Each structure stands twice: as structure tokens, then as C-alpha cells.
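Note sheet for the following structure.
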């Protein structure tokens with residue numbers, strides 16, 4: 001059953017990715033309840049994540065099941081054993097394990113998305129460094145960035161910043177709480193020859209504390225794709241996207257010039273946008289428009305374009 005599903009997906013999703021020139025894409029995401037995996041291609045490497053659940057197997061039986069599943073995956077997808085990276089992750093809403101380091105092996109590779117390059121790490125963290133579900137959103141930003149002042153909040157490894165710079169942005173500010181990911185973002189920018197320190201700034205800050213001080217900043221475009229929840233010791237307050245989104249969106253609007261745009265997204269599948277409390281009526285749901293072929297019927301994250 002699992003083999004047949006993978007064969008079918010390679011015939012359709014795999015061929016579509018090849019036809020579109022996309023080398024990083026999601027192939028499988030818990031399509032069959034009996035096989036709770038997420039499988040993604042990163043060029044010729046394969047990221048396989050098993051969603052944690054109560055499988056009621058002994059440790060030995062589970063190891064055997066994993067090995068048999070990997071044998072099928074490698075055989076059908078034509079990937080060598082050394083090019084498969086296996087992770088165990090919780091199925092929770094939001095970006096998973098974004099600040100949790102698992103290993104020190106530093107298996108970094110460089111991959112292409114459109115004509116841009118990104119560093120991904122398939123072994124050291126639960127997430128790879130490139131969220132594939134926002135491929136279209138990044139391109140939308142690129143097409144609007146020429147001559148604009150851009151702010152990228154909760155920037156992670158800076159993929160939106162790279163796209164903004166590639167689109168001809170006048171300035172790009174990249175903000176994140178993690179110095180590790182800010183350094184990664186800077187490397188991604190440099191990899192694509194965006195190294196002007198006056199135009200491209202990297203700001204270490206807790207976004208929730210940083211936003212109030214931006215009122216009147218006159219940004220043209222802001223990107224905000226926060227985690228669902230965080231109680232990190234590095235943060236002064238607990239962050240909860242459902243509770244905090246109205247305040248933060250309005251603070252972003254205060255930092256935009258008239259007509260400025262906010263791209264806002266969250267991976268909280270039960271998220272409800274409190275429209276009546278937001279200080280603009282120009283709110284467009286772009287979830288469907290930002291859903292790529294490899295995430296159809298699999299994507300639960302809403303995405304909005306909000307204009308001041």
C-alpha cells in the first residue's frame with residue numbers, strides 16, 4: 001500500500017516538480033494513516049520525518065518497521081542510503097522545533113529555488129532551514145520588492161529576505177531572536193551576493209518587544225510568519241499567536257507607510273483572524289493563491305495580505 005502510494009506520487013508530483021524545474025518539494029505528508037511520514041526532496045537528498053504517535057510497538061518492532069519503510073522509500077524514489085535523513089517529530093500546530101538543535105554533524109548542502117541559492121541542514125535540526133510551503137509567497141514578495149523598504153520578522157534563515165533583495169529592495173531588515181538563525185540568514189544573503197551591510201541589516205531581537213518601537217518607521221512591506229507558541233527563556237513574555245496576533249498586526253500597520261503591505265501567515269491550523277479588531281478593512285486571504293502543487297490538500301496554514 002505504501003509502495004503503491006509513493007509510485008503514484010512520483011508519477012504525478014515528482015514529474016510536475018521536474019517539469020517546473022523545482023528540486024525542493026514535498027512528496028508525501030501522512031497520506032496513509034498507517035505510514036505517518038513527511039517526505040521532502042532537497043535536490044538529490046531526502047528528508048524523512050516520522051510523526052510521533054502511540055504506535056504500540058516494541059522498540060525492536062518499531063526499528064524493524066522503520067527499516068522496512070525506509071527500504072521501500074529508497075527503492076521507489078531511487079535515493080541512496082547515505083542521502084536519506086530521518087527525523088522523529090511531534091505533530092503539533094506551528095513550526096516545529098525551530099530552535100532545537102539535535103546534532104552537531106553539520107550536513108549542510110546548497111539547494112536552488114527559482115534562481116536563488118539556500119543553505120539547508122538535513123541533520124542538525126528538526127526543520128531544514130527552508131520552509132517549502134512558502135515558495136509562492138516568497139516569489140510574490142520578490143515581484144513587489146523593487147525600490148521598497150522591507151522588514152522580515154521572525155525571519156528564521158532569511159529566505160524571504162533573500163527574495164526581497166533579489167527583487168531589488170532598497171533595504172531589507174531581518175529580525176529574529178536566534179543568533180544562530182540570523183547568522184544563517186546572513187550566509188544565505190551572502191551566498192546570493194547580497195552583502196551590503198548598510199542595505200541589509202540583521203537585528204537580534206524579541207519581535208514581541210521590538211515591534212512597539214517601530215511605530216512610524218515607514219516600511220513598504222513587512223513579512224510576519226511567527227511560531228504558534230513560544231515560552232523560550234530568551235523571551236520576556238510567553239508568545240501565543242491566537243492571543244497576540246491582533247496587537248502585533250496593528251503594530252506592523254503602525255510601522256508601514258500608507259498603502260504598505262503586511263504578509264501575515266501562521267501554521268496554527270485552528271487560527272481565527274479577529275478581523276474586527278484590526279485597524280484596516282483591506283485584508284485578503286491569499287492562502288489558496290500561495291499553495292503550491294506539492295501542498296494541495298495538505299496545507300493548513302492560513303496566509304493573509306493586509307494593506308494599511
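What to note about this one:
- Inter-part distance, segment 136-179 to segment 195-225, computed on C-alpha centroids, equals 10 Å.
- Interatomic Cα distance distribution for segment 242-292, bins of 5 angstrom, percent: 4, 16, 30, 27, 16, 6, 1
- Tilt relative to the chain, helix 59-77 - C-alpha long axis, 0 to 90 degrees, to 10: 80 degrees
- Fewest-first ranking of 63, 307, using other Cβ atoms within 10 Å as the exposure measure: 63, 307
- The label point for residue 282 and the one for residue 80, both projected 7 Å from the Cα toward the Cβ, are 5.3 nm apart.
- DSSP finds beta bridges in the chain, and of those with both partners inside it, around 55 percent are antiparallel.
- Tail beyond 17 Å, pair distance distribution of segment 2-91 (Cα, percent): 47 percent
- Residue among 51, 181, 156 with the largest mean-square fluctuation in a Gaussian network model of the chain, springs linking Cα atoms under 10 Å: 51
- Relative contact order of segment 2-91, taken over Cα pairs closer than 8 Å and 6 or more residues apart, is 29 percent.
- Here the label points at residue 237 and residue 117, each 7 Å from Cα along the C-beta direction, are separated by 4.2 nm in the simple model.
- Averaging the sequence gap over all C-alpha pairs within less than 8 Å and six or more residues apart, then dividing by the number of residues, gives the chain a relative contact order of 13 percent.
- Over the chain: helical MRE at 222 nm, DSSP H runs n ≥ 4 each giving -39500 (n - 2.57), nearest 500: -8000 deg cm²/dmol
- Residues 137, 157, sorted so that the one with the fewest Cβ neighbours within 10 Å comes first: 137, 157
- Whole-Å distance, taken between Cα centres, linking segment 239-308 and segment 20-80: 31 Å
- Distance histogram for segment 164-288 (every C-alpha pair counted, 10 angstrom bins, percent rounded to whole numbers): 11, 40, 37, 12, 0
- Most mobile of 259, 78, 147 in a GNM of the chain (Cα contacts under 10 Å): 78
- Residue order, fewest to most surrounding Cβ atoms within 10 angstrom, among 28, 163: 28, 163
- Across segment 122-173, Cα-Cα distances exceeding 17 Å account for 35% of all pairs.
- Spacing of the two label points (7 Å from each Cα toward its C-beta) at residue 180 and residue 65, in nm: 3.0 nm
Taken together, the values in this text are just the output of simple stated rules run on the coordinates, not laboratory data. Keep in mind that this is a model prediction, so the values were computed, not measured. FYI the Cβ positions are ideal-geometry reconstructions off the backbone, even for glycines, and counts take in every protein chain you see.
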